[in-house]
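Take a look at the structure set out below.
The values are calculated or read from the model by the stated rules, or taken from the named source; none is laboratory data. Everything numeric in this text was worked out from a predicted model, so none of it was measured. Counting neighbours? That spans all protein chains shown, and the Cβs are built from the backbone with ideal geometry, glycine included. Note: accessible area is taken over every heavy atom of the protein model, side chains too, but ligands, DNA and RNA are not part of it. Shrake-Rupley method; radii C 1.70, N 1.55, O 1.52, S 1.80 Å.
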Amino acid sequence: VISASSPRYPDSLRTLLANAPLYAIGNLDLLGKRAIGICGSRDASPDAQNWAFKFGGEAAKKGLVVVSGYARGIDRQAHKGALQAGGATVAVLPEGIDYFRLVQELKPLVDLGRNFLAISVFDPGAVWKSWRAMERNKLIVGLSLALFVVEARETGGTINAAMECVRQGKMLAAVAYSKQLAGREGNSLLLQESAIPLKRLGDVRKALSDMASKPVADVKQLALNLLGGK
């Protein structure tokens, strides 16, 4: 348990989470590291899952911790990419920490004392609810310098995470696919409203460097566009 009075409690979360306690399993030192958030659909296309894996790996090579939501699809591929590249990752849970289990595909890569942290803002016994899956986006973005959207529907958790990124005034980037398949409508929306386009790995590397050095210049306009001017 990490109380708001603990020196390990991230300053970036105090106001955001109203000093709510955090519950964690793994390497708490990862909370103090520079990190990038990666999010996307559970039922992502193979192409998108490949992007997520590569994103995780590129972030790890830059010395960044990868923060994601631990769901199947994009999240787990991002975690896996970071771990396979020798990096570290934080899994933000949509339920209480009592329900945390290492998934089979990550088990061979995880060292809980070194490269992995599972964390939750909910009571330990809280069960999965759709609203909790949305609420955990505050924590994903709050722990990250920026958010990369891999594949998003027009509505749902990933778009909610993108909106949260805008509300927190952080850099937002999204994959710009050459083929507009069903399930990618959210990417088009975000790109139309000034999210940074990612078309190739070179774009990812540049965005990772930029997000560590300066905020997006037009983040205020992006917020106005995405939130309907409110």
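A quick yes/no check of all residues on (1) part of a helix (DSSP H, G or I); (2) touching a helix residue (DSSP H, G or I) at 6+ places or on another chain (Cβ under 9 Å); (3) at pLDDT 95 or above:
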| position | (1), (2), (3) |
| --- | --- |
| ALA133 | yes, yes, no |
| ILE140 | yes, yes, yes |
| THR155 | no, yes, no |
| SER178 | no, no, no |
(message) Tell me the residue from GLU58, GLU95 that is out of contact with any strand residue (DSSP E or B) (no Cβ under 6 Å at 6 or more places or on another chain), assigned to a loop (DSSP other than H, G, I, E, B) and of a type outside the set (Gly, Ala, Ser), please.
(response) GLU95
(message) Return the residues of region 129-166 that are open to solvent by 50 Å² or more (accessible area, probe 1.4 Å), touching a Gly at 6+ places or on another chain (Cβ under 9 Å) and farther than 19 Å from GLY56 by Cβ; say none if nothing qualifies.
(response) SER130, MET134, ARG153, GLU154, THR155
(request) Filter region 104-126 for residues that are assigned to a helix (DSSP H, G or I) and surrounded by 15 or more Cβ atoms within 10 Å (Cβ to Cβ) and give the result. (result) LEU109
(message) Against the definition (free of Cβ contacts under 8 Å to residues at least 60 places away in the same chain, open to solvent by 10 Å² or more (accessible area, probe 1.4 Å), on the phi > 0 side of the Ramachandran plot and under 18 Å from the mean Cα position of the chain (by Cα)), how does GLY169 come out, yes or no?
(response) yes
(request) Determine which member of the set ARG42, ARG101 is at pLDDT below 95 and either open to solvent by less than 20 Å² (accessible area, probe 1.4 Å) or not in a helix (DSSP H, G or I) (or both). (result) ARG42
(request) Working only within region 1-17, note down all residues that are open to solvent by 40 Å² or more (accessible area, probe 1.4 Å) and either among the polar types (S, T, N, Q) or in contact with a Leu (Cβ under 7 Å, 6 or more places away or on another chain) (or both). (result) SER3, SER5, ARG8, SER12, THR15
(request) Return the only residue of ALA60, ALA20, ALA35 being small (Gly, Ala, Ser) and open to solvent by less than 10 Å² (accessible area, probe 1.4 Å). (result) ALA35
